[in-house]
Structure formats: C-alpha cells, structure tokens
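Participant: I'd like to ask you about the structure that follows.
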Amino acid sequence: MKGRIGVVIPVVNCACRQLNALIPQLGYREQLVIVRNGKATHRCTPRDSQVCQVEQIDAGRKPIGAAAARNLGVSRLNDCDIVAFVDSDDQVAPGWLDEIVKELVAGRADLVGGALSFRRHDGSASVVLPGRDYWHAQAVFGGSLAVSIRAWQVLEGFDETLRCCEDTDLAWRAHALGLKVLVEPGAIVEVEARGHLDEIRQRIRWGWWSGELLRRHQLCNGHLPARRELIGHKKALGFCASWRLSATAQWLGERLFSLNHAVVRTDKSGAGRKVCQCQAESCPRCKHQTLTGR
C-alpha cells in the first residue's frame, strides 16, 4: 500500500483546536476534508494549512448526522489509500496519525481503532481502549480510527441510518466479512468530559442505539449489560464525568429500547423464532434466547 492518507472531520461547532493539533502531522501529499454539519457557523482557519490539501464543505443547514457527514467527506477524497477519522471537539495527541495508520501501511490490518484519553472535570485522566463490545466483537471509536480504502469500499461506509453506534457497527461488519480489525494503543485522542446534562442525553442515546445495534446484528437483548454491570464498567474505565450517573442514563436508554423489542426464551421446538446469532461458543449472555419484535 502506498499510504496516501485522507482525513475527514465532521464539524458541528469550532474545530480549530483539533485542526491545529492535526495539521502539523499531515504531509503535503495528504488531504483533509472538513464537513460543516448543520448548525456549524464558524469557518475554521487552521494554522499551517498550506502543508496539505484542505477542503471545507457544507453538508446543509440541517444536521445530517456523524455517519452521513463522514461518508460525505470520504466522497471528496482523491486517490487516497487510507482514510482516517477524528471528531471536531477532541484533540489528537502528537504522533497520532503515524500510529493509527502504521498497521494499514504495513498491510497487517484493514481497520484500526485508536485510544481515547478522557480528561475529567477535576483534571484527572484515563486512557481507554476500544473493547469487545457486548460480548460480541471488537469495536472502535469513531473519533480515532483509520481504514484502508479497499476495506472502506467493501463496507460501503458508515450506516447512515444509525444515529449512534455507527463506529461499532462498522467494526462488527468488518469482522463479519473477515476483515482484520486491530487496536493501536499508541494512537491517542484527548477527549474532554461533557457537562452532566449533555452526558445524560448522550448516554441515553447510546443505550437506545445499542439495542438497535444488537437487533441489526441479530443479537438478543441479553447482550445488553445490567445496570450493576454498567456501573462497574464505567467506574473501572473512568470514561465519564460521573460513572454512576452515566451508567444509569445508558441503562435507561437500553430499557426504553427493550420495551419495544422484547426478548423471550425459546420454547422446546424453537419453531418460528429467530435465534441470537452470537458466534461465541456457550455465550452466557444469550443462552436459550431468541429475537422477537413487537
């Protein structure tokens, strides 16, 4: 692989901090596409933008969602072998680009996910790696990932009908197609904690769309963690401003989804039921469970 890189950033507000950290890592051959999504009114003027090709495009006055904005950005790239993605309200650490693409350039991976360094309101920070989400398959973070253009074409981009969890969906579809998904711990993006109200809203959305993600991949709701499991997970990772509040909000989103998408235990014959498509042998999360909808 030649390794010419294109980077796409969907922007809702100002992306200047992110751009000023990212652009010095780009060479003259690289291309950067900034997708101004919906209500974005500030047109960024990053420093040193002459070192790479920079294009800013408008997605329209109405927000189209992160997945659609990323897909639109990729459609404007020219002759790139690798596509990388970051979010506008984060900041890449020094050396992030080299780390996120090195396994792709070497041909050892098709999709690579990086780490997030989460900084809380008290100044403390935790580095979080994407994990094997919902006991199913490796996930990636949408704000720190890179993919070969060949794999991107096979995957046909992000699923624009998902308003959340589109990054995990991309990684799961890659896994299902036999593509190599790796995690690169050295590719770090710094993320600031949200305010409590914003975090509650986001976690409820994550909980709801996590249920939809499982449904689309034919996994039963037994793969959704219980509230106690969520609390333990958030506390262990530290990837939230308030681990108890965050876990409860996500659990609430899951429960709201489950009210409309019931899971029942199979009868003796299992006739007429769609069985959970979990690929793990003797998975404790979905034993004897089937998918139904109402």
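Participant: Please tell me if residue 231 is in contact with a helix residue (DSSP H, G or I) (Cβ under 6 Å, 6 or more places away or on another chain) and open to solvent by less than 40 Å² (accessible area, probe 1.4 Å). Lay out the reasoning, then the answer.
Facilitator: Numbers: in contact with a helix residue (DSSP H, G or I) (Cβ under 6 Å, 6 or more places away or on another chain): yes; open to solvent by less than 40 Å² (accessible area, probe 1.4 Å): yes.
So residue 231 passes the test.
Participant: Go through region 199-223 residue by residue and tally those that are open to solvent by less than 20 Å² (accessible area, probe 1.4 Å), modelled with pLDDT under 85 and either under 16 Å from residue 172 (Cα atoms) or among the aromatic types (Phe, Trp, Tyr) (or both).
Facilitator: 3
Participant: Looking only at region 148-171, decide whether some residue is of a type outside the set (Gly, Ala, Ser), farther than 22 Å from residue 9 by Cα and surrounded by fewer than 21 Cβ atoms within 10 Å (Cβ to Cβ). Walk me through it before giving the result.
Facilitator: Kept after step one, since they are of a type outside the set (Gly, Ala, Ser), are these residues of region 148-171: 149-150, 152-156, 158-170.
When the remaining residues are screened for being farther than 22 Å from residue 9 by Cα, the result is none.
No: zero hits.
Participant: Within region 119-143, count every residue that is in contact with an Asp or Glu (Cβ under 8 Å, 6 or more places away or on another chain) and buried (at least 19 other Cβ atoms within 10 Å of the Cβ).
Facilitator: 5
Participant: Is there any pair with a first residue in region 155-171 that is closer than 17 Å to residue 129 by Cα and assigned to a loop (DSSP other than H, G, I, E, B) and a second that is open to solvent by 30 Å² or more (accessible area, probe 1.4 Å) and modelled with pLDDT under 95 whose Cβ atoms are under 6 Å apart and which are 6 or more apart or on different chains, and what are they?
Facilitator: 165/209
Participant: Identify, by number, the condition in (1) under 18 Å from residue 192 (Cα atoms); (2) not in a strand (DSSP E or B) that residue 78 doesn't meet.
Facilitator: Result: residue 78 fails condition (1) only.
Participant: Right, next: Does residue 94 count as open to solvent by 40 Å² or more (accessible area, probe 1.4 Å), at pLDDT 85 or above and assigned to a loop (DSSP other than H, G, I, E, B)? Please lay out each step first, then the result.
Facilitator: Values: open to solvent by 40 Å² or more (accessible area, probe 1.4 Å): yes; at pLDDT 85 or above: yes; assigned to a loop (DSSP other than H, G, I, E, B): yes.
So residue 94 fits the description; yes.
Participant: Within region 180-191, can one find any residue that is farther than 30 Å from residue 95 by Cβ and either assigned to a helix (DSSP H, G or I) or modelled with pLDDT of 80 or more (or both)?
Facilitator: Going residue by residue through region 180-191, those that are farther than 30 Å from residue 95 by Cβ are none.
No, because not a single residue in region 180-191 is farther than 30 Å from residue 95 by Cβ and either assigned to a helix (DSSP H, G or I) or modelled with pLDDT of 80 or more (or both).
The values are calculated or read from the model by the stated rules, or taken from the named source; none is laboratory data. Owing to the predicted nature of the structure, the values given are computational and were not obtained by experimental measurement. Backbone-built Cβ (ideal geometry, glycine too); neighbour counts: all protein chains shown. Each accessible area value is taken on the protein alone, full model and side chains, heavy atoms only, with ligands, DNA and RNA left out. Shrake-Rupley method; radii C 1.70, N 1.55, O 1.52, S 1.80 Å.
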